Amino acid sequence: MNMTTKKLGILVGGGPAPGINSVISAATIEAINSGLEVVGIYDGFEHLIAGRTDQIRPLSISDVSRIHFQGGSILRTSRANPTKRTEDPGQVVQTLSELGIGYLITIGGDDTAFGASEVADASSGSVRVVHVPKTIDNDLPLLSGMPTFGFETARQVGTQVVLNLMEDSRTTNRWYLVAVMGRTAGHLALGIGKAAGATITIIPEEFSKPTLSLNEVSRVIEGAILKRRVMGQKHGMVIVAEGIGAKIDPEELSRVPGVVVAHDPYGHIRLEEIPLASIIRREVQKRFAERGEVLPIVESTLGYGLRSAAPVPFDIDYTRTLGYGAVRCLMDERNEELLHGAMICIEDGSLRALPLPELRDPTTGRTLVRVVDIDSDYYITARQYMIRLERRDLDDPEMLAGLAAAASMSEEEFVRTHSLDGS
(Lines give C-alpha, C1' and ligand atoms only; values in the text may rest on other atoms or scores of the structure.)
Protein backbone atom coordinates (compact mmCIF):
# COMPACT_ATOMS: atom_id res chain seq x y z
CA MET A 1 0.00 0.00 0.00
CA ASN A 2 1.49 3.35 -1.01
CA MET A 3 1.42 6.52 1.06
CA THR A 4 -1.58 7.94 -0.86
CA THR A 5 -3.86 5.22 0.48
CA LYS A 6 -2.64 5.64 4.07
CA LYS A 7 -4.63 8.81 4.75
CA LEU A 8 -8.38 9.05 5.42
CA GLY A 9 -10.40 12.22 4.85
CA ILE A 10 -13.80 12.88 6.45
CA LEU A 11 -16.27 15.56 5.32
CA VAL A 12 -19.89 16.49 6.01
CA GLY A 13 -22.38 17.75 3.42
CA GLY A 14 -25.94 19.06 3.57
CA GLY A 15 -27.78 20.15 6.69
CA PRO A 16 -26.79 19.19 10.24
CA ALA A 17 -28.24 16.08 11.90
CA PRO A 18 -27.80 14.68 15.41
CA GLY A 19 -25.06 12.05 15.36
CA ILE A 20 -22.58 13.58 12.92
CA ASN A 21 -19.88 13.94 15.56
CA SER A 22 -20.46 10.36 16.65
CA VAL A 23 -19.70 9.14 13.11
CA ILE A 24 -16.58 11.30 12.98
CA SER A 25 -15.48 9.96 16.37
CA ALA A 26 -16.03 6.28 15.61
CA ALA A 27 -14.46 6.49 12.14
CA THR A 28 -11.42 8.37 13.42
CA ILE A 29 -10.75 5.98 16.27
CA GLU A 30 -11.11 2.87 14.11
CA ALA A 31 -8.98 4.35 11.32
CA ILE A 32 -6.14 5.34 13.66
CA ASN A 33 -6.26 1.96 15.37
CA SER A 34 -5.94 0.45 11.88
CA GLY A 35 -2.82 2.45 11.09
CA LEU A 36 -4.30 5.30 9.07
CA GLU A 37 -3.76 9.03 9.40
CA VAL A 38 -7.06 10.94 9.64
CA VAL A 39 -7.82 14.40 8.28
CA GLY A 40 -11.04 16.30 8.88
CA ILE A 41 -12.13 18.43 5.91
CA TYR A 42 -14.03 21.61 6.75
CA ASP A 43 -17.25 22.70 5.02
CA GLY A 44 -18.05 19.66 2.92
CA PHE A 45 -16.85 19.78 -0.68
CA GLU A 46 -16.60 23.58 -0.72
CA HIS A 47 -12.83 23.99 -0.41
CA LEU A 48 -11.98 20.83 -2.33
CA ILE A 49 -13.86 22.24 -5.33
CA ALA A 50 -11.84 25.45 -5.02
CA GLY A 51 -8.57 23.51 -4.89
CA ARG A 52 -7.76 24.68 -1.37
CA THR A 53 -5.73 22.37 0.85
CA ASP A 54 -5.60 24.59 3.94
CA GLN A 55 -9.15 24.01 5.23
CA ILE A 56 -8.42 20.78 7.04
CA ARG A 57 -7.52 19.59 10.51
CA PRO A 58 -5.64 16.47 11.59
CA LEU A 59 -7.79 14.32 13.88
CA SER A 60 -6.41 12.28 16.77
CA ILE A 61 -8.20 9.97 19.16
CA SER A 62 -7.98 12.60 21.89
CA ASP A 63 -9.69 15.09 19.56
CA VAL A 64 -12.75 12.90 19.06
CA SER A 65 -13.02 10.54 22.02
CA ARG A 66 -15.66 12.62 23.80
CA ILE A 67 -17.59 14.24 20.97
CA HIS A 68 -19.99 11.39 20.23
CA PHE A 69 -22.74 12.83 22.44
CA GLN A 70 -22.48 16.38 21.06
CA GLY A 71 -24.79 17.91 18.47
CA GLY A 72 -23.60 19.82 15.40
CA SER A 73 -20.42 19.02 13.48
CA ILE A 74 -16.83 19.77 14.48
CA LEU A 75 -16.06 19.87 10.75
CA ARG A 76 -18.99 22.16 9.97
CA THR A 77 -20.96 21.43 6.80
CA SER A 78 -22.06 23.00 3.52
CA ARG A 79 -24.24 22.33 0.49
CA ALA A 80 -21.42 22.94 -2.01
CA ASN A 81 -22.12 20.79 -5.06
CA PRO A 82 -19.08 18.94 -6.52
CA THR A 83 -21.07 18.11 -9.67
CA LYS A 84 -22.29 21.58 -10.63
CA ARG A 85 -19.61 21.97 -13.32
CA THR A 86 -18.17 19.20 -15.45
CA GLU A 87 -14.68 19.83 -14.12
CA ASP A 88 -15.60 19.90 -10.42
CA PRO A 89 -15.37 16.15 -9.61
CA GLY A 90 -11.91 16.03 -11.18
CA GLN A 91 -10.85 19.09 -9.19
CA VAL A 92 -12.01 17.44 -5.96
CA VAL A 93 -9.95 14.35 -6.82
CA GLN A 94 -6.93 16.52 -7.59
CA THR A 95 -7.21 18.36 -4.26
CA LEU A 96 -7.58 15.07 -2.38
CA SER A 97 -4.46 13.81 -4.18
CA GLU A 98 -2.52 16.88 -3.11
CA LEU A 99 -3.60 16.19 0.46
CA GLY A 100 -2.47 12.57 0.13
CA ILE A 101 -5.98 11.27 0.78
CA GLY A 102 -6.82 7.90 -0.73
CA TYR A 103 -9.78 7.07 1.50
CA LEU A 104 -12.80 9.38 1.85
CA ILE A 105 -15.82 9.19 4.14
CA THR A 106 -18.68 11.50 3.23
CA ILE A 107 -21.49 12.10 5.70
CA GLY A 108 -24.72 13.46 4.25
CA GLY A 109 -28.02 12.98 2.51
CA ASP A 110 -29.06 12.19 -1.05
CA ASP A 111 -27.25 15.15 -2.62
CA THR A 112 -23.99 14.41 -0.83
CA ALA A 113 -24.33 10.75 -1.80
CA PHE A 114 -24.69 11.79 -5.44
CA GLY A 115 -21.62 14.01 -5.19
CA ALA A 116 -19.63 11.23 -3.51
CA SER A 117 -20.51 8.83 -6.30
CA GLU A 118 -19.38 11.29 -8.97
CA VAL A 119 -16.10 11.93 -7.17
CA ALA A 120 -15.47 8.19 -6.86
CA ASP A 121 -16.07 7.78 -10.59
CA ALA A 122 -13.76 10.67 -11.42
CA SER A 123 -10.97 9.19 -9.31
CA SER A 124 -10.84 5.95 -11.37
CA GLY A 125 -10.08 4.03 -8.19
CA SER A 126 -7.45 6.37 -6.71
CA VAL A 127 -9.90 7.47 -4.00
CA ARG A 128 -12.05 4.87 -2.27
CA VAL A 129 -15.29 6.49 -1.10
CA VAL A 130 -17.86 5.39 1.49
CA HIS A 131 -20.94 7.46 2.21
CA VAL A 132 -22.65 7.47 5.63
CA PRO A 133 -26.38 8.27 5.22
CA LYS A 134 -27.40 11.27 7.32
CA THR A 135 -30.61 13.32 7.32
CA ILE A 136 -33.40 14.11 9.74
CA ASP A 137 -35.72 13.78 6.71
CA ASN A 138 -35.29 9.96 6.76
CA ASP A 139 -35.54 9.91 2.97
CA LEU A 140 -32.66 7.66 1.89
CA PRO A 141 -33.52 4.12 0.69
CA LEU A 142 -31.90 2.11 3.51
CA LEU A 143 -32.36 -1.62 4.00
CA SER A 144 -34.77 -3.23 6.46
CA GLY A 145 -36.62 0.05 6.94
CA MET A 146 -33.74 1.47 8.99
CA PRO A 147 -34.00 5.21 9.61
CA THR A 148 -31.31 7.62 8.55
CA PHE A 149 -29.31 8.71 11.53
CA GLY A 150 -30.54 11.90 13.18
CA PHE A 151 -34.19 11.13 12.44
CA GLU A 152 -35.00 9.53 15.79
CA THR A 153 -33.43 12.41 17.73
CA ALA A 154 -35.25 15.01 15.62
CA ARG A 155 -38.53 13.16 16.07
CA GLN A 156 -38.09 12.96 19.85
CA VAL A 157 -37.13 16.61 20.27
CA GLY A 158 -39.82 17.74 17.83
CA THR A 159 -42.50 15.66 19.53
CA GLN A 160 -41.80 17.27 22.89
CA VAL A 161 -42.07 20.74 21.36
CA VAL A 162 -45.38 19.84 19.70
CA LEU A 163 -46.74 18.35 22.94
CA ASN A 164 -45.94 21.63 24.69
CA LEU A 165 -47.69 23.60 21.95
CA MET A 166 -50.69 21.26 22.10
CA GLU A 167 -51.04 21.94 25.80
CA ASP A 168 -50.93 25.66 25.07
CA SER A 169 -53.51 25.13 22.35
CA ARG A 170 -55.85 23.38 24.79
CA THR A 171 -55.27 25.97 27.50
CA THR A 172 -55.89 28.98 25.26
CA ASN A 173 -58.58 27.33 23.11
CA ARG A 174 -56.96 28.13 19.79
CA TRP A 175 -55.28 26.38 16.86
CA TYR A 176 -51.59 25.88 16.18
CA LEU A 177 -50.05 25.28 12.76
CA VAL A 178 -46.55 23.80 12.73
CA ALA A 179 -44.43 23.31 9.62
CA VAL A 180 -41.86 20.51 9.95
CA MET A 181 -38.70 20.07 7.85
CA GLY A 182 -38.68 17.44 5.13
CA ARG A 183 -37.81 18.62 1.62
CA THR A 184 -39.26 15.69 -0.32
CA ALA A 185 -40.73 13.21 2.13
CA GLY A 186 -43.08 13.57 5.08
CA HIS A 187 -41.42 11.06 7.42
CA LEU A 188 -40.45 13.57 10.13
CA ALA A 189 -43.75 15.45 10.09
CA LEU A 190 -45.71 12.21 10.23
CA GLY A 191 -43.47 10.73 12.91
CA ILE A 192 -43.91 13.78 15.13
CA GLY A 193 -47.62 14.10 14.43
CA LYS A 194 -48.29 10.44 15.11
CA ALA A 195 -46.26 10.38 18.32
CA ALA A 196 -47.77 13.61 19.66
CA GLY A 197 -51.31 12.80 18.60
CA ALA A 198 -51.68 15.95 16.50
CA THR A 199 -55.15 16.67 15.17
CA ILE A 200 -54.01 16.36 11.55
CA THR A 201 -50.70 15.88 9.75
CA ILE A 202 -50.45 16.78 6.08
CA ILE A 203 -47.63 15.31 3.97
CA PRO A 204 -46.87 15.66 0.24
CA GLU A 205 -47.19 11.93 -0.42
CA GLU A 206 -50.94 11.98 0.21
CA PHE A 207 -51.47 14.13 -2.89
CA SER A 208 -51.08 12.25 -6.16
CA LYS A 209 -51.02 15.37 -8.31
CA PRO A 210 -47.58 16.77 -9.20
CA THR A 211 -48.53 20.28 -8.08
CA LEU A 212 -50.85 21.72 -5.44
CA SER A 213 -52.55 25.03 -4.90
CA LEU A 214 -52.62 26.87 -1.59
CA ASN A 215 -56.39 26.64 -1.79
CA GLU A 216 -56.28 22.84 -1.79
CA VAL A 217 -54.01 22.68 1.25
CA SER A 218 -55.99 25.27 3.22
CA ARG A 219 -59.24 23.48 2.36
CA VAL A 220 -57.98 20.30 4.02
CA ILE A 221 -57.08 22.22 7.17
CA GLU A 222 -60.38 24.11 7.19
CA GLY A 223 -62.22 20.81 6.95
CA ALA A 224 -60.38 19.47 9.99
CA ILE A 225 -61.12 22.60 12.01
CA LEU A 226 -64.82 22.44 11.18
CA LYS A 227 -65.07 18.72 11.93
CA ARG A 228 -63.37 19.27 15.28
CA ARG A 229 -65.97 21.94 16.07
CA VAL A 230 -68.77 19.50 15.33
CA MET A 231 -67.07 17.15 17.80
CA GLY A 232 -67.19 19.89 20.45
CA GLN A 233 -63.61 21.25 20.37
CA LYS A 234 -62.37 24.68 19.26
CA HIS A 235 -58.64 23.98 19.48
CA GLY A 236 -56.24 21.69 17.70
CA MET A 237 -52.82 21.06 16.17
CA VAL A 238 -52.05 21.02 12.44
CA ILE A 239 -48.68 19.71 11.28
CA VAL A 240 -47.63 20.35 7.70
CA ALA A 241 -44.56 18.78 6.11
CA GLU A 242 -42.19 21.27 4.50
CA GLY A 243 -42.36 19.23 1.30
CA ILE A 244 -45.87 20.61 0.75
CA GLY A 245 -44.13 23.86 -0.18
CA ALA A 246 -42.16 22.06 -2.87
CA LYS A 247 -45.40 20.78 -4.44
CA ILE A 248 -47.10 24.18 -4.58
CA ASP A 249 -46.81 25.84 -7.97
CA PRO A 250 -43.72 28.12 -7.81
CA GLU A 251 -45.62 30.78 -9.75
CA GLU A 252 -48.30 30.87 -7.06
CA LEU A 253 -45.66 31.07 -4.34
CA SER A 254 -43.89 33.90 -6.12
CA ARG A 255 -47.12 35.92 -6.05
CA VAL A 256 -47.18 35.82 -2.25
CA PRO A 257 -45.92 39.20 -0.96
CA GLY A 258 -42.35 39.01 0.30
CA VAL A 259 -41.66 35.52 -1.08
CA VAL A 260 -38.80 34.99 -3.52
CA VAL A 261 -38.45 31.48 -4.96
CA ALA A 262 -34.74 30.65 -5.04
CA HIS A 263 -32.76 27.43 -5.57
CA ASP A 264 -29.81 25.82 -3.77
CA PRO A 265 -26.59 24.56 -5.46
CA TYR A 266 -28.28 21.23 -6.22
CA GLY A 267 -31.25 22.90 -7.95
CA HIS A 268 -33.79 22.41 -5.16
CA ILE A 269 -36.16 25.20 -4.13
CA ARG A 270 -34.82 26.84 -0.96
CA LEU A 271 -37.75 25.86 1.23
CA GLU A 272 -36.10 27.49 4.24
CA GLU A 273 -36.70 30.85 2.55
CA ILE A 274 -40.41 30.18 2.08
CA PRO A 275 -42.44 30.94 5.26
CA LEU A 276 -44.76 27.99 4.65
CA ALA A 277 -46.48 28.09 8.06
CA SER A 278 -47.23 31.79 7.67
CA ILE A 279 -48.46 31.42 4.09
CA ILE A 280 -50.82 28.56 4.93
CA ARG A 281 -52.03 30.26 8.13
CA ARG A 282 -53.05 33.35 6.17
CA GLU A 283 -54.83 31.25 3.56
CA VAL A 284 -56.82 29.36 6.21
CA GLN A 285 -57.70 32.55 8.05
CA LYS A 286 -58.79 34.09 4.76
CA ARG A 287 -61.29 31.28 4.22
CA PHE A 288 -62.87 31.94 7.61
CA ALA A 289 -62.72 35.72 7.17
CA GLU A 290 -64.78 35.41 3.98
CA ARG A 291 -67.59 34.18 6.23
CA GLY A 292 -67.06 37.02 8.71
CA GLU A 293 -65.08 35.02 11.29
CA VAL A 294 -61.72 35.82 12.87
CA LEU A 295 -59.87 32.55 13.47
CA PRO A 296 -56.85 32.74 15.79
CA ILE A 297 -54.02 30.47 14.61
CA VAL A 298 -50.49 30.45 16.02
CA GLU A 299 -47.78 29.40 13.57
CA SER A 300 -44.43 27.77 14.23
CA THR A 301 -41.69 26.01 12.27
CA LEU A 302 -39.65 23.01 13.41
CA GLY A 303 -36.35 22.29 11.73
CA TYR A 304 -33.32 24.32 12.69
CA GLY A 305 -34.05 23.68 16.37
CA LEU A 306 -33.87 19.92 15.74
CA ARG A 307 -30.88 19.52 13.43
CA SER A 308 -28.05 20.20 15.89
CA ALA A 309 -29.63 18.70 19.00
CA ALA A 310 -27.55 16.31 21.08
CA PRO A 311 -28.25 12.79 19.74
CA VAL A 312 -30.41 10.39 21.73
CA PRO A 313 -28.84 7.02 22.66
CA PHE A 314 -30.33 5.32 19.59
CA ASP A 315 -28.51 7.68 17.23
CA ILE A 316 -25.25 7.50 19.21
CA ASP A 317 -25.33 3.70 19.16
CA TYR A 318 -26.31 3.63 15.49
CA THR A 319 -23.69 6.11 14.30
CA ARG A 320 -20.83 4.47 16.16
CA THR A 321 -21.59 1.30 14.22
CA LEU A 322 -21.83 3.21 10.94
CA GLY A 323 -18.55 5.07 11.53
CA TYR A 324 -16.74 1.85 12.39
CA GLY A 325 -18.31 0.07 9.42
CA ALA A 326 -17.32 2.81 6.99
CA VAL A 327 -13.64 2.36 7.87
CA ARG A 328 -13.76 -1.44 7.74
CA CYS A 329 -15.46 -1.21 4.34
CA LEU A 330 -12.83 1.19 3.00
CA MET A 331 -9.96 -1.00 4.12
CA ASP A 332 -11.37 -4.20 2.66
CA GLU A 333 -9.57 -4.30 -0.68
CA ARG A 334 -12.01 -6.97 -1.88
CA ASN A 335 -14.79 -4.35 -2.06
CA GLU A 336 -14.74 -3.65 -5.77
CA GLU A 337 -17.93 -1.59 -5.29
CA LEU A 338 -15.79 1.18 -3.89
CA LEU A 339 -14.44 1.92 -7.34
CA HIS A 340 -17.72 3.80 -7.78
CA GLY A 341 -18.47 4.52 -4.13
CA ALA A 342 -20.67 2.73 -1.61
CA MET A 343 -23.11 3.62 1.14
CA ILE A 344 -22.74 1.91 4.50
CA CYS A 345 -25.91 0.71 6.21
CA ILE A 346 -27.20 -1.93 8.58
CA GLU A 347 -29.42 -4.85 7.60
CA ASP A 348 -30.75 -7.15 10.31
CA GLY A 349 -27.90 -6.12 12.60
CA SER A 350 -25.14 -6.63 10.05
CA LEU A 351 -23.17 -3.99 8.17
CA ARG A 352 -23.76 -3.78 4.41
CA ALA A 353 -22.11 -1.69 1.71
CA LEU A 354 -24.53 -0.68 -1.03
CA PRO A 355 -22.92 0.42 -4.33
CA LEU A 356 -23.87 4.06 -4.89
CA PRO A 357 -24.63 3.55 -8.61
CA GLU A 358 -27.38 1.10 -7.63
CA LEU A 359 -29.04 3.80 -5.53
CA ARG A 360 -29.59 6.13 -8.46
CA ASP A 361 -32.90 6.79 -10.14
CA PRO A 362 -32.52 5.37 -13.68
CA THR A 363 -34.53 8.28 -15.08
CA THR A 364 -32.95 11.28 -13.34
CA GLY A 365 -29.56 9.81 -12.44
CA ARG A 366 -29.92 11.32 -8.96
CA THR A 367 -29.92 9.39 -5.68
CA LEU A 368 -33.21 7.63 -5.02
CA VAL A 369 -35.40 9.15 -2.32
CA ARG A 370 -37.52 7.14 0.12
CA VAL A 371 -40.98 8.63 0.59
CA VAL A 372 -43.81 7.70 2.92
CA ASP A 373 -45.77 4.72 1.61
CA ILE A 374 -49.36 5.87 2.07
CA ASP A 375 -50.58 2.30 1.48
CA SER A 376 -48.55 0.98 4.42
CA ASP A 377 -50.08 0.06 7.76
CA TYR A 378 -47.81 2.69 9.32
CA TYR A 379 -49.48 5.51 7.42
CA ILE A 380 -52.97 4.01 7.52
CA THR A 381 -52.74 3.79 11.31
CA ALA A 382 -51.60 7.41 11.54
CA ARG A 383 -54.45 8.50 9.28
CA GLN A 384 -57.06 6.67 11.37
CA TYR A 385 -56.13 8.69 14.44
CA MET A 386 -56.32 12.06 12.68
CA ILE A 387 -59.39 14.24 12.72
CA ARG A 388 -59.92 15.32 9.15
CA LEU A 389 -62.74 15.63 6.72
CA GLU A 390 -63.36 12.31 4.95
CA ARG A 391 -65.71 11.39 2.14
CA ARG A 392 -67.91 9.46 4.54
CA ASP A 393 -68.52 12.67 6.50
CA LEU A 394 -70.21 14.20 3.46
CA ASP A 395 -72.38 11.08 3.10
CA ASP A 396 -73.49 11.19 6.76
CA PRO A 397 -76.60 13.43 7.00
CA GLU A 398 -76.06 14.28 10.67
CA MET A 399 -72.37 15.08 10.26
CA LEU A 400 -72.99 17.05 7.08
CA ALA A 401 -75.63 19.14 8.82
CA GLY A 402 -73.21 19.89 11.66
CA LEU A 403 -70.38 20.77 9.29
CA ALA A 404 -72.56 23.09 7.24
CA ALA A 405 -73.77 24.86 10.37
CA ALA A 406 -70.19 25.22 11.66
CA ALA A 407 -69.21 26.78 8.34
CA SER A 408 -72.32 28.99 8.13
CA MET A 409 -73.19 27.40 4.79
CA SER A 410 -76.03 25.44 3.30
CA GLU A 411 -75.37 21.72 3.02
CA GLU A 412 -75.28 21.97 -0.77
CA GLU A 413 -72.73 24.78 -0.65
CA PHE A 414 -70.60 22.92 1.86
CA VAL A 415 -70.48 19.79 -0.31
CA ARG A 416 -69.60 21.88 -3.34
CA THR A 417 -66.88 23.83 -1.52
CA HIS A 418 -65.34 20.86 0.28
CA SER A 419 -65.50 18.24 -2.43
CA LEU A 420 -62.65 15.79 -1.79
CA ASP A 421 -61.98 15.10 -5.47
CA GLY A 422 -58.27 15.51 -6.24
CA SER A 423 -57.12 15.65 -2.63
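Observations, loosely collected:
- Search result, residues across the stretch 65-117 that are closer than 18 Å to THR364 by Cβ, of a type in the set (D, E, K, R) and buried (at least 18 other Cβ atoms within 10 Å of the Cβ): ASP110, ASP111
A quick yes/no check of all residues on (1) surrounded by 14 or more Cβ atoms within 10 Å (Cβ to Cβ); (2) free of Cβ contacts under 8 Å to residues at least 24 places away in the same chain; (3) not in a helix (DSSP H, G or I):
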| position | (1), (2), (3) |
| --- | --- |
| TYR266 | yes, no, yes |
| SER278 | yes, yes, no |
| GLU283 | yes, no, no |
| PHE288 | yes, no, no |
| ARG291 | no, no, yes |
| LEU295 | yes, no, yes |
| VAL298 | yes, no, yes |
| GLY305 | yes, no, no |
| ALA310 | yes, no, yes |
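- Taken as a whole, the structure places GLU272 among residues that are part of a helix (DSSP H, G or I) and within 21 Å of the chain's Cα centre (by Cα).
- Residue-level check: of (1) at pLDDT below 95; (2) not assigned by TED's automatic domain parsing to the domain that holds GLY323, ASP110 misses just (2).
- So SER144, is it at pLDDT below 95, over 26 Å from THR201 (Cα atoms), of a type outside the set (D, E, K, R) and out of contact with any helix residue (DSSP H, G or I) (no Cβ under 6 Å at 6 or more places or on another chain): no
- Residue match in the stretch 30-39 (condition: under 21 Å from the mean Cα position of the chain (by Cα), surrounded by 17 or more Cβ atoms within 10 Å (Cβ to Cβ) and not aliphatic (A, V, I, L, M)): no
- For LYS194: the one exception among (1) on the phi > 0 side of the Ramachandran plot; (2) surrounded by fewer than 24 Cβ atoms within 10 Å (Cβ to Cβ); (3) not hydrophobic (A, V, I, L, M, F, W, C); (4) not assigned by TED's automatic domain parsing to the domain that holds ALA80: (1)
- Matching residues, the stretch 247-264, being loosely packed, with under 13 Cβ neighbours inside 10 Å and more than 18 Å from the chain's Cα centre (by Cα): GLU251, SER254, ARG255, PRO257, GLY258, VAL260, ALA262
- Residue in the stretch 116-127 that is farther than 28 Å from SER308 by Cα, in contact (Cβ under 8 Å) with a residue 24 or more places away in the chain, outside any loop (DSSP other than H, G, I, E, B) and hydrophobic (A, V, I, L, M, F, W, C) present: yes
- When residues in the stretch 200-223 are screened for being in a helix (DSSP H, G or I), touching a Ser or Thr at 6+ places or on another chain (Cβ under 8 Å) and among the hydrophobic types (A, V, I, L, M, F, W, C), 1 of them pass.
Per-residue answers, yes or no, for (1) touching a Gly at 6+ places or on another chain (Cβ under 7 Å); (2) hydroxyl-bearing (Ser, Thr, Tyr); (3) in the same structural domain as ALA116 (by TED's automatic domain parsing); (4) modelled with pLDDT under 95:
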| site | (1), (2), (3), (4) |
| --- | --- |
| VAL327 | no, no, yes, no |
| GLU336 | no, no, yes, yes |
| ARG366 | no, no, no, yes |
| TYR378 | no, yes, no, no |
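- Pairs where the first residue, in the stretch 338-353, is free of Cβ contacts under 8 Å to residues at least 40 places away in the same chain and the second is among the basic types (Lys, Arg) and in a helix (DSSP H, G or I), C-beta under 8 Å, 6+ apart: LEU351/ARG328
The values are calculated or read from the model by the stated rules, or taken from the named source; none is laboratory data. Keep in mind the model is a prediction, meaning the values are calculated, not measured. Because the Cβ atoms are built from the backbone with ideal geometry, glycine has one as well, and the counts that use them run over all protein chains shown.
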